[in-house]
1. How do the pairs read when you match residues in segment 94-117 that are open to solvent by less than 30 Å² (accessible area, probe 1.4 Å) with residues anywhere that are part of a loop (DSSP other than H, G, I, E, B) and hydroxyl-bearing (Ser, Thr, Tyr), using Cβ under 9 Å and keeping only pairs 6 or more apart or on different chains?
2. Just need a number here: residues in segment 1-14 that are over 20 Å from Val225 (Cα atoms) and either among the basic types (Lys, Arg) or open to solvent by less than 60 Å² (accessible area, probe 1.4 Å) (or both).
3. Consider Gly126 carefully, then state whether it is surrounded by 15 or more Cβ atoms within 10 Å (Cβ to Cβ), over 15 Å from the mean Cα position of the chain (by Cα) and part of a loop (DSSP other than H, G, I, E, B).
4. Among the residues in segment 89-102, are any in contact with a Lys or Arg (Cβ under 8 Å, 6 or more places away or on another chain), assigned to a loop (DSSP other than H, G, I, E, B) and under 27 Å from Glu197 (Cα atoms)?
5. Considering only residues of segment 79-93 that are within 12 Å of the chain's Cα centre (by Cα) and closer than 15 Å to Arg45 by Cα, which is most open to solvent (accessible area, probe 1.4 Å)?
6. I'm trying to understand the selection: among the residues of segment 103-123, which are at positive phi and part of a strand (DSSP E or B)?
7. Anything in segment 60-77 that is closer than 14 Å to Arg113 by Cα and surrounded by 12 or more Cβ atoms within 10 Å (Cβ to Cβ)? List them, or say none.
8. Return yes when Arg233 is open to solvent by 60 Å² or more (accessible area, probe 1.4 Å) and either within 21 Å of Thr129 (Cβ to Cβ) or in contact with a strand residue (DSSP E or B) (Cβ under 8 Å, 6 or more places away or on another chain) (or both) and no when it is not.
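The values are calculated or read from the model by the stated rules, or taken from the named source; none is laboratory data. Here the structure is a predicted model, which means the values were calculated and not measured. Ideal geometry is used to build each Cβ from the backbone, glycine not excepted, and the neighbour counts take in all protein chains shown. Just so you know, the surface numbers come from the protein's heavy atoms only, side chains and all, with ligands and any DNA or RNA stripped out. Shrake-Rupley method; radii C 1.70, N 1.55, O 1.52, S 1.80 Å.
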Amino acid sequence: RFLLLIRRQNNRLGLLLSYDLETGATKELAREVDWRACWSPDQKRVAFSRIGPGDWLPTLHVLNVETGQVEWRLPFNGLGQLAMHWVESTDEIYFTEGFHPKSLIDIYKVKFRDEKSRTLVAGGTGSQTHPRPSPNGRWLAYSASEGGYSIRIKNLSKPGSNDLRVPGHGIGPLWSGDGKEIYYRSLRSIRKVGVKETLKGLELTAPVELFSGDFVESTQWDRNVMFDPHRKRFLLS
């Protein structure tokens with residue numbers, strides 16, 4: 001029912017707003033917010049990125065929507081962190097961090113209120129971004145920019161195993177509610193690929209184009225396609 005919007009104040013910072021899809025009402029949640037934010041599953045909190053006092057890059061913050069107060073933040077480590085996704089079953093927040101000297105942007109996760117749980121999920125050469133765990137929590141779809149963006153799928157239960165790769169260009173993966181499809185942007189088109197879990201791993205169908213248009217492309221930092229997994233509705237810029 002609610003969307004998080006960031007309305008730019010200047011070239012770097014913006015107002016974090018909650019927009020009610022039913023009534024059209026807008027509520028201001030925070031100021032001086034960086035580019036990314038995501039709801040907690042119960043919509044009582046928002047994970048977002050902000051440059052703290054004495055820092056020069058944004059760090060992960062968690063805001064209580066009712067009180068308007070920051071309840072928790074990750075300590076600044078000299079790198080920028082952008083909130084990407086909050087997992088209901090584990091209370092973990094996925095975020096991207098950069099720039100690392102060799103791997104540029106990497107994907108991490110951290111359990112809410114437990115900074116020691118901070119764990120590297122996906123790294124390597126180029127940039128890894130747009131993390132989105134599957135509904136059952138066993139797989140992670142993300143974008144990787146090695147020689148052009150493509151969609152990768154990581155087995156979270158088998159660290160170190162080889163990632164699957166969806167053929168062709170792809171960025172910003174999003175799972176269907178039942179975990180049987182992944183939607184993503186490929187140049188001008190929105191595509192989907194079927195996913196089937198087997199004893200050997202995942203089987204992927206050939207990508208299918210759903211529709212195309214001059215939509216704003218996602219970047220390594222932000223995502224310009226959102227998806228309602230239950231009613232299969234897209235929101236695009």
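1. As it stands, the answer is Thr96/Ser127; Gly98/Ser127; Ser103/Thr125; Ser103/Ser127; Ile105/Ser127; Ile105/Ser145; Asp106/Ser127; Phe112/Ser40, since those pairs meet every condition given.
2. If we filter segment 1-14 for residues that are over 20 Å from Val225 (Cα atoms), which is where we start, we get 9-13.
With either among the basic types (Lys, Arg) or open to solvent by less than 60 Å² (accessible area, probe 1.4 Å) (or both) added as a condition, the list becomes 12-13.
Residues flagged as over 20 Å from Val225 (Cα atoms) and either among the basic types (Lys, Arg) or open to solvent by less than 60 Å² (accessible area, probe 1.4 Å) (or both) within segment 1-14 amount to 2.
3. Working: surrounded by 15 or more Cβ atoms within 10 Å (Cβ to Cβ): yes; over 15 Å from the mean Cα position of the chain (by Cα): yes; part of a loop (DSSP other than H, G, I, E, B): yes.
Against the criterion (surrounded by 15 or more Cβ atoms within 10 Å (Cβ to Cβ), over 15 Å from the mean Cα position of the chain (by Cα) and part of a loop (DSSP other than H, G, I, E, B)), Gly126 qualifies.
4. Checking segment 89-102: at least one residue is in contact with a Lys or Arg (Cβ under 8 Å, 6 or more places away or on another chain), assigned to a loop (DSSP other than H, G, I, E, B) and under 27 Å from Glu197 (Cα atoms).
5. Result: His85.
6. Let us first name the residues in segment 103-123 that are at positive phi, namely 104, 113.
Passing the criteria: only Leu104.
7. Restricting attention to segment 60-77, the residues satisfying the condition of being closer than 14 Å to Arg113 by Cα are 60-64, 70-75.
Selection gives Leu60, His61, Val62, Leu63, Asn64, Val70, Glu71, Trp72, Arg73, Leu74.
8. Details: open to solvent by 60 Å² or more (accessible area, probe 1.4 Å): yes; either within 21 Å of Thr129 (Cβ to Cβ) or in contact with a strand residue (DSSP E or B) (Cβ under 8 Å, 6 or more places away or on another chain) (or both): yes.
Taking the combined requirement at face value, the residue satisfies it.
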